Amino acid sequence: MCKKDQIQTKIIRVDADRPDDRLLESAAMALRKGRLVAFPTETVYGLGANALDPAAVAAIFQAKGRPGDNPLIVHVTSIEAVYALVDAMPPIAIQLFAAFSPGPLTLVLSRSALIPDLVTAGLDTVAIRLPAHPVARRLIDLAGVPIAAPSANRSGRPSPTRAWHVAADLEGRISYIIDGGDCPFGLESTVVDVTGNIPVVLRPGSVTNQEILEVTGVLTVGRQEIAESSLVTPRSPGMKYRHYAPRAKVLVAEGPDPVARAKFAGSMTANLHLLPSEIGYFGCRRFINLLPAQQKVAYGDEPEPELAGRLLFDALRRLDRSGVKVIIAEGLPEHGVGIAYMNRLRKAAGAWLVKGEEDDDQ
Ligand code: TXA
Ligand code: MG
């Protein structure tokens, strides 16, 4: 970006639990005027704009370098506010909102005429989320408009879970960064399409398939299974782009337990022929302690997908900053939040890249 095109980004530090309205007011005003404001949510930091203002929404795509065919999530703070934005509210959506909102759940519903085309990338559906984070909620209420917000990273980079992650990607491109500390979940929301007969999980997150099944009594079907059985045509444009990529190459060490995974990581390390300082590791302490690492980030003593997910994006960015060429991350079993964790890790490792579609992300 040219220096002359840069704008001054103000960083405002607020209390995560009880943000002061006087600190948030100018950012809320900026949102009303069509400017961009990054703010914390319980999942990741979002890059917000007035969802009803097409020029403001266009500015999100510009600041992120995001492809225009990848739709945005609209954030509101009450179920009443959702009704204005959708055409229909199926019973399953009411059940899911009641059980998991406010929280890390996004529902894809058929859109109302109020939503600009740019928000949905021309789809006839809109993704809606009620965040739980007090700063997000207060900012949206003060702005008085629904807020369209993708994750506040440059396209293709790991999602931001700390204010400095946002600053590293977007400083000079957006008006405000509200620093509300670390995001408690650290992985983006579970996205569920509820426009058909069965709820379809388009992106796994901290609300798990099992939890959705318990609430709705209907078995959710993952994208992969859907694509294979061609029951429904999944439309989740974001899935095809490159995501979560640090500069370093990411390798995943999978295996039945931390010792087996560390053994695998050890053999990968030997084959890389790099200096010890050029390789970073991420995993639980039982995994990390078995490796001859100089650069390492541990999230806890034992394998624990919630804790791993909370730290994953921060670890990728921190290891990147330390200058390593390769990051070896511990794989975890794919159940519960482990599904979301492995989904992000595999994408960071590039395992899901489709040839010819490697340009960029969400
Ligand atoms: O936790 C989160 O969801 C964060 C915070 C800021 O709320 N937001 C976030 O937004 O992760 P983003 O734009 O990075 O990811 C949104 C995902 C993309 O994969 C996009 O393709 C999908 O949701 N999506 C949005 N609208 C959709 C729609 N109408 N139909 C299908 N997928 C949609
Ligand atoms: Mg994103």
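None of the figures in this text is laboratory data; all of them are computed from the coordinates on show. Remember, it's a predicted structure, so these values are computed and weren't measured experimentally. Ideal geometry is used to build each Cβ from the backbone, glycine not excepted, and the neighbour counts take in all protein chains shown.
What residue among 332, 114, 316 has the largest mean-square fluctuation in a Gaussian network model of the chain, using Cα springs under 10 Å? Top of the fluctuation ranking is 114. Coupling constants for region 273-278 follow from the phi torsions by the Karplus curve (6.51 cos²θ - 1.76 cosθ + 1.60, θ = phi - 60°), and in residue order they are 6, 10, 5, x, 6, 8 Hz; glycine and proline get x. Taking Cα atoms only, the orientation of helix 258-272 departs from the longest principal axis of the chain by about 80 degrees.
Which whole number of Å³ per residue matches the convex hull of the alpha-carbon atoms in region 49-126?
Taking the convex hull of the Cα positions in region 49-126, it is 89 Å³ per residue.
How long are the semi-axes of the ellipsoid equivalent to region 1-148, from square roots of 5 times the Cα gyration tensor eigenvalues, in whole Å, largest first? Please list the in-between numbers first.
Numbers: eigenvalues 121, 80, 29 Å².
That gives 25, 20, 12 Å for the three semi-axes.
Treating only the Cα positions of region 249-352 as identical point scatterers, give the base-10 log of I(q)/I(0) from the Debye formula at each q in 0.13 Å⁻¹. Scattering profile of region 249-352, log10 relative to I(0): -0.38.
If the chain linking residue 247 and residue 87 were pulled fully straight, counting 0.36 nm for each residue of separation and taking away their Cα-Cα distance, it would gain 53.4 nm. Here region 260-327 and region 152-167 have alpha carbon centers that stand 20 Å from each other.
Given the DSSP H assignment, sum -39500 (n - 2.57) over each helix run of at least 4 residues in the chain and divide by its residue total; what's the result at 222 nm in deg cm²/dmol, nearest 500?
Details: 13 runs with 122 residues, N = 362.
The helix-only estimate for the chain comes to -9500 deg cm²/dmol at 222 nm.
Neighbour counts of C-beta atoms inside 10 Å place 61, 313 in the sequence 61, 313, starting with the fewest.
Determine by what factor the alpha-carbon radius of gyration of the chain differs from 2.2 N^0.38 Å, reporting the quotient.
Numbers: Rg = 20.0 Å, N = 362, 2.2 N^0.38 = 20.6 Å.
Ratio of Cα Rg to 2.2 N^0.38 Å: 0.97.
Length gained on full extension, residue 4 to residue 274: 93.2 nm, using 0.36 nm per residue less the C-alpha separation. Against the main long axis of the alpha-carbon atoms of the chain, helix 54-64 sits at an angle near 10°.
Our estimate of slack between residue 98 and residue 334, defined as 0.36 nm per intervening residue step minus the Cα-Cα distance, is 82.3 nm.
Note on residue 3: aspartates and glutamates with a C-alpha under 16 Å away, same-chain residues under 8 apart excluded, are 169, 171. Taking every alpha-carbon pair under 8 Å whose residues sit at least 6 apart, region 27-174 reaches a relative contact order of 36 percent.
Cα axis of helix 305-321 to longest principal axis of the chain: angle in degrees, 0 to 90, nearest 10? Computed tilt is about 80 degrees.
Sort 97, 282 so the one with the fewest other Cβ atoms within 10 Å of its own Cβ comes first.
On the way: 97 20, 282 27.
Ranked by crowding around the Cβ, least crowded first: 97, 282.
Taking a cut-off of 19 Å between Cα atoms, list the aspartates and glutamates near residue 325, but don't count ones fewer than 8 places away on the same chain. Cross-link targets: 278, 314.
Normalised by the number of residues in region 249-352, the mean separation of alpha-carbon contacts (under 8 Å, six or more apart) gives a relative contact order of 35 percent. Around the amide H of residue 86, modelled in the peptide plane, lie the amide H atoms of 112, all under 5 Å away and 5 or more residues distant in sequence or on another chain.
Compute the relative contact order of the chain as a whole-number percentage, counting only Cα pairs closer than 8 Å that sit 6 or more residues apart in sequence. Provide the component values of the computation, followed by the final result.
On the way: 823 pairs, mean separation 71.0, N = 362.
Relative CO of the chain lands at 20 percent.
Past 25 Å, Cα to Cα, is the threshold; run 249/296; 4/347; 33/64; 10/249 against it and keep the listed order. Write out the running numbers ahead of the final one.
On the way: 249/296 15 Å; 4/347 35 Å; 33/64 19 Å; 10/249 33 Å.
In this structure, 4/347; 10/249 exceed 25 Å between Cα atoms.
Comparing 306, 334, 42 in a Gaussian network model of the chain (Cα springs below 10 Å), the most mobile by mean-square fluctuation is 334.
Between region 73-131 and region 4-53, the alpha-carbon centres lie 21 Å apart.
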